[in-house]
Structures are given as structure tokens and as C-alpha cells.
Amino acid sequence: MSMLAVYWLFFQFGLLCFGGGYVLVPLIIANIVENPNFILDADMFGNLVAIAQMTPGPIGLNTGTFVGYQEGAGAANNIFTGIIGGIVGTAGILTPGYFLVIGASYYLKKWEKSLIVQGILGGIRPASVALILMAVMIFMGMSVFRSELPFEKWMEYLLGFAEAPEWPGFRFSGFAIMAVSTALMLWKKVNVFYLMIISAVVGAFICR
């Protein structure tokens, strides 16, 4: 895939990144992970998500850098062209936000009482929540269950077009880490950085 195509794809992601990087997860899955033209597959994306939690930067930005590098490096794994690709992917997802923030800074105060602007923001927020919930279900399929959750088959079952699908295999270790991490964040207010370090150490011994 050309660098221009990589830039344009992540430019579109940058335009849709309302509510944080996690709203992009369903879009990344549909447009990159499930697209045979890209190197990134489900396992690689799952690893990328885990690494993104341990390193600075939001998941959308890290994905742009990672995918851009992979596409630039190609099958020959050329580091130089990979770095260029990483820069292109990163620039693509950052460009819309840069100009949107400038525009918002100039016009928001002027139009903050506009019913149309309030309506636009009111429509974007619940849609962002839906995308974040979708991202949660995708991550659960990568970590708590042994395979992705069959969303389409469930919808067909609810509509009466197919039989109930089987649940994918369950990972007790993944569920335990998720449950304990959630409890520690809500109850003890544990710093997320330390929580990720502890989870990584525990996972090295039990998530195999």
C-alpha cells in the first residue's frame, strides 16, 4: 500500500477521533485488521493494544505509527522506509486534530450557545459511547475469551435468522486480571501505570 493511501486512511481516522482513541478501535478492526491489504492481523493488534498501554501515547496514534512502519518497511523489513512510513501514519492521524483544535479555539466561544453546535455535540457523544463499548467487547475477545466474540452471529440469532452461536473459550487468567484491576482502580485508586506494570508481571507467569 502506498504511503499516500496510509496517510489518507489515518487522516480519516483523525477526523473521527471524538471521545478519545478507543472510539477508533472498531474502525481499525474493520479497515485494517480485517483488510488483507494490511500486514496487521488480530494477534498483532492485540499485542499492539497491550504495548500501547505500557508506552506513552494514545492507541490511535500508536496504531498510526505501527501500521505506517509495517507498511513502509514491507516484506524486506527495510528500517529506513519503515521509519518514513511511521512518520506518515502518525502525521495522518494528527493533521485533522491540529486544524480542528485551531478552528475550535477560534469559533467555539463565538458559537457556544448555538443550538446547532450543541445538537452536533449532543449527537457525537452517545455515538462515541457506542464505539467505546464496541472497543471493550473487542478487547474482551482478545484477552478474556480465547477468540473474538461472534457479534454478527448473535445479531442473526436475535433476529431469528440463525441458531444461537457457541460461546468462545474462556480465559480464567485474563478474567481474573481484569476483575482485580477493575477493583483496584475503583476501590484503592491505584495508579494506572503501576497497575499495568503489575498486570504485565502477573501475566508473564499465568497468561500462557
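The values are calculated or read from the model by the stated rules, or taken from the named source; none is laboratory data. Predicted model only: the values in this text are computed from it and were never measured. Heads up, the Cβs are rebuilt from the backbone with ideal geometry, glycines too, and the neighbour counts pull from every protein chain shown. These accessible areas exclude ligands, DNA and RNA; they are computed on the full protein's heavy atoms, side chains included. Shrake-Rupley method; radii C 1.70, N 1.55, O 1.52, S 1.80 Å.
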### Task
For semi-axes √(5λ) of the Cα gyration tensor in Å, several values are listed as (i) 25, 21, 17; (ii) 36, 27, 16; (iii) 29, 25, 21; flag the one computed from this structure.
(iii)
### Task
For segment 1-53 and segment 104-122, write down the distance between their C-alpha centroids in whole Å.
29 Å
## Note on the structure
Checking PHE170, PHE13, PHE66 against a Gaussian network model of the chain (alpha-carbon springs below 10 Å), the top fluctuating residue turns out to be PHE170
### segment 162-208 - accessible surface per residue (Å², probe 1.4 Å)
79 Å²
### Under Karplus coefficients 6.51, -1.76 and 1.60, residue-wise ³J(HN,Hα) of segment 142-150 in Hz, glycine/proline x
8, 10, 7, 10, 7, 7, 5, 6, x
### Message
At 222 nm, what value in deg cm²/dmol follows for the chain if DSSP H runs of at least 4 each add -39500 (n - 2.57) and the sum is divided by all its residues, to the nearest 500?
### Response
-22500 deg cm²/dmol
### Query
Within segment 79-163, which trypsin sites (Lys or Arg not before Pro) sit in a loop by DSSP and count at most 10 neighbouring Cβ atoms inside 10 Å?
LYS113
### 1.4 Å probe accessible area per residue over segment 1-159, in Å²
60 Å²
### Task
Take the Cα of MET185, step 7 Å along the line toward its Cβ, and report every residue of segment 105-134 whose backbone nitrogen sits under 20 Å from that point.
126-134
### Task
Give me the percent of the accessible area of segment 102-167 that comes from carbon and sulfur atoms, probe 1.4 Å, all protein chains in place.
67 percent
## Note on the structure
Carbon/sulfur accessible area of segment 1-92, % of total, 1.4 Å probe, equals 68 percent
